[in-house]
Amino acid sequence: MTAIPTQTKSASRRKTVLRHVTINIFLLIILLPLAWVGVLSIKSLPDSMRGNLWPRRFDFSHYAYVFDKIDTLPANLFNSIYVTGATVLITSVCAILAAYALVHMKSRSAPFVVTLLLASLYFPTRVVAIITIYEIQDYLDLINSTSGLILPYITLNLAISVLIMRSVFQLVPNDLIAAAEIDGAGTWRTLWVVGLPLAKNGLVVILIVNFVTAWGEYLLCSTLTNDQSVRTVPVVLAAVQGGLGQWAWPRIAAVYVIVVTPGIIAFTFAQKLFFRGLMEGALKA
Amino acid sequence: MNQRGIDIHRLGPWLFLMPTLAFFVVYQVYPIIRVTWLSLTDFKYLSGEPANWVGLGNYVEALNDPLMWSGLWRAGQFTLMFLPGTIIFPLLLAILIDRVRGQRLAAFYRVVLLIPAMIPSTLVFVLWKWMYNYQTGPINYYLVEVLGAFTLRDAPQWLGGTPLTLPAIAIMEIWWGLGYHSIFFLAGLAAIPRDLTEAARVDGASEWKLFWHVTLPRLQPIMMILVVLRFGSAMALIDEYMIFGGFNRASSTYTWTIFMFDQAFKIGLWRQGFAAAIGMIGAVVMMGFVAFLVYLFRSRD
């Protein structure tokens, strides 16, 4: 066994190299579009009219320009942060409470609720319900209102969030919960001190999933609002025809980089918890 | 146990479920019931008149409308372009990464894989819409200037509902799901015992046989979930068509979802009764296929 024929050794090394080359080509395909838009945001105006990656002249003034000259941008950014923050917060609280009740509090209706949540995942609710959601928002006088968007946004991922938290809570031993309650901890305290810390990986998953959905939502926002100043940044960007003036290519690319970076950075920091949570909850739910 | 404790145990679960159920009923259950009812009426939103019962009239009209059928077919065409790619490429990539021995390198690969999944939907669409731009996009730049496959006059027109728009969206969606789906498959591959593959290798099984007889059967549950979920989302796509294609009836992106939205919010007095029928037909057809797919995957076990 000590003398492995050199031929197979080099063949297996060739295989390994080939494998890493293939993997890196895939990774390059994933990263190139992002690199392109990043470089676009610091290209000079004439260079931005060509689709190549590297410009002849850089121009770093676009970031300052967009805050200066696109008058709705601060409002749009605020709308995005406000709507997303509220949606993530409320959905997570709802999902934690509901999932905890489904797993650790005895309720005969739990199977029924779980079935209902699961069924909603298979029906194209988001598309078909838009007709009635417009009506509800109109009735509540929430058409063209930024805050009004939060309500339908919460339900976009509510079912999947509850199901993810449910499968994470199922990993928390029942005895632990029972012991805490016998020790005199109320239901709230038990959830807060015993349940939640053990479910934090799942929590990271639903925080990220809800962030991504709310931050980039298009259908509801473009249907339920009319004015550019009440909309979120991605919806404004989707309506823009790139070209001249404040909407020149490098300038909208700068806006793009501003709204896409926070999510990616946050994920890079949270990725270890996210992967663990994915393995515990999301892939089973 | 005192009186208070008993009370909490009775009411507790409902108290905890209340917020979720409230949102869920108002914004998911009620809308679906209301849309089902609307589909049986002549409701026009902007007319201000109450809805009148018309029975299955809207359904008959929709089923006799060629736009309903072409809408379903267009959504189906997109699904056919998108579904194989969004399963096969991640599967291949996952098998390659699963064999990487270096822990740090494997972790790095996984982080890069998930970056597109961290980009919110509309920002993915906007990015690719810019990349597909006829004059200033990098894709046509590459095809014209670098490869020389086209000239500036006959370069592909990706956007605006041309025949190329559906494949363009499919490529974008495959890119978007590439990393995320690979992570799914990696989780499945990690669950296969190493001994099993080693033993098969010692027995002289070729890599291909190993893949076909050992790996693939064990990935089937994950594959089924992915196929069913992605089939459902692909048939009911709407945002992408609004951003890439618009509301032109001749457009390749005028699917049943766009047809529904057009009738409900764009044309005339907003015939939402008719739009609701279109939505229900689309949903039923889609769920029929989903049920068939689930059955197909189950019956092999």
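Of all the residues in the range A:237-285, those that are outside any helix (DSSP H, G or I), over 30 Å from residue A:122 (Cβ atoms) and either of a type outside the set (A, V, I, L, M) or at pLDDT 80 or above (or both) number 5.
A quick yes/no check of all residues on (1) surrounded by fewer than 19 Cβ atoms within 10 Å (Cβ to Cβ); (2) more than 7 Å from every other protein chain (Cβ to nearest Cβ); (3) farther than 21 Å from residue A:209 by Cβ; (4) of a type in the set (Val, Ile, Thr):
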| site | (1), (2), (3), (4) |
| --- | --- |
| B:100 | yes, yes, yes, yes |
| B:105 | yes, yes, yes, no |
| B:109 | no, no, yes, no |
| B:123 | no, no, no, no |
| B:127 | no, no, no, no |
| B:132 | no, yes, yes, no |
| B:136 | yes, no, yes, yes |
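Search the range B:1-40 for residues being modelled with pLDDT of 95 or more and outside any helix (DSSP H, G or I), and hand back the single one that is farthest from the other protein chains (Cβ to nearest Cβ). Applying the filter and picking the extreme gives B:40. The residues listed here are B:122, B:86; of these, the one that is touching a Cys at 6+ places or on another chain (Cβ under 9 Å) and closer than 26 Å to residue B:227 by Cβ is B:122. Here is a list: A:182, A:208. Which entry is touching a residue at least 24 places away in the same chain (Cβ under 8 Å) and not acidic (Asp, Glu)? Of A:182, A:208, the one residue that is touching a residue at least 24 places away in the same chain (Cβ under 8 Å) and not acidic (Asp, Glu) is A:208.
With respect to the conditions (1) among the aliphatic types (A, V, I, L, M); (2) in contact with a Leu (Cβ under 9 Å, 6 or more places away or on another chain); (3) free of Cβ contacts under 8 Å to residues at least 40 places away in the same chain, residue B:227 falls short on a single one, namely (3). Within this structure, residue B:88 passes the test of being farther than 23 Å from residue A:237 by Cα, more than 9 Å from every other protein chain (Cβ to nearest Cβ) and modelled with pLDDT of 90 or more.
Residue count for the range B:244-264 under the criterion of being farther than 13 Å from residue B:67 by Cβ, assigned to a helix (DSSP H, G or I) and either free of Cβ contacts under 8 Å to residues at least 40 places away in the same chain or more than 7 Å from chain A (Cβ to nearest Cβ) (or both): the result is 1.
Working only within the range B:151-175, note down all residues that are surrounded by 13 or more Cβ atoms within 10 Å (Cβ to Cβ) and either of a type in the set (Ser, Thr, Tyr) or more than 27 Å from residue B:80 (Cα to Cα) (or both). Passing the criteria: B:162, B:165. For the range A:211-247, the tally of residues that are crowded, with 24+ Cβ neighbours inside 10 Å and either among the acidic types (Asp, Glu) or free of Cβ contacts under 8 Å to residues at least 12 places away in the same chain (or both) stands at 1. Within the range A:84-101, at least one residue is exposed (fewer than 15 other Cβ atoms within 10 Å of the Cβ) and more than 13 Å from chain B (Cβ to nearest Cβ).
Applying the condition of being free of Cβ contacts under 8 Å to residues at least 24 places away in the same chain and among the polar types (S, T, N, Q) to the range B:190-224 and asking which residue is surrounded by the fewest Cβ atoms within 10 Å (Cβ to Cβ) yields B:206.
Could you go through the range A:161-177 and let me know if any residue there is at the interface with chain B (Cβ under 9 Å from one of its Cβ atoms), surrounded by 18 or more Cβ atoms within 10 Å (Cβ to Cβ) and in contact with a Lys or Arg (Cβ under 9 Å, 6 or more places away or on another chain). No: zero hits.
Here the range A:110-143 is the region considered, the condition is being surrounded by fewer than 14 Cβ atoms within 10 Å (Cβ to Cβ) and not in a helix (DSSP H, G or I), and the residue that is nearest to the other protein chains (Cβ to nearest Cβ) is A:140.
Looking across A:222, A:229, one residue alone is of a type in the set (S, T, N, Q) and more than 10 Å from chain B (Cβ to nearest Cβ). It is A:229. Considering the range B:258-301, the residues that are over 21 Å from the mean Cα position of the chain (by Cα) and among the aromatic types (Phe, Trp, Tyr) include one that is surrounded by the most Cβ atoms within 10 Å (Cβ to Cβ), namely B:274.
The values are calculated or read from the model by the stated rules, or taken from the named source; none is laboratory data. Remember, it's a predicted structure, so these values are computed and weren't measured experimentally. All Cβ positions, glycine included, derive from the backbone under ideal geometry; neighbour counts span all protein chains shown.
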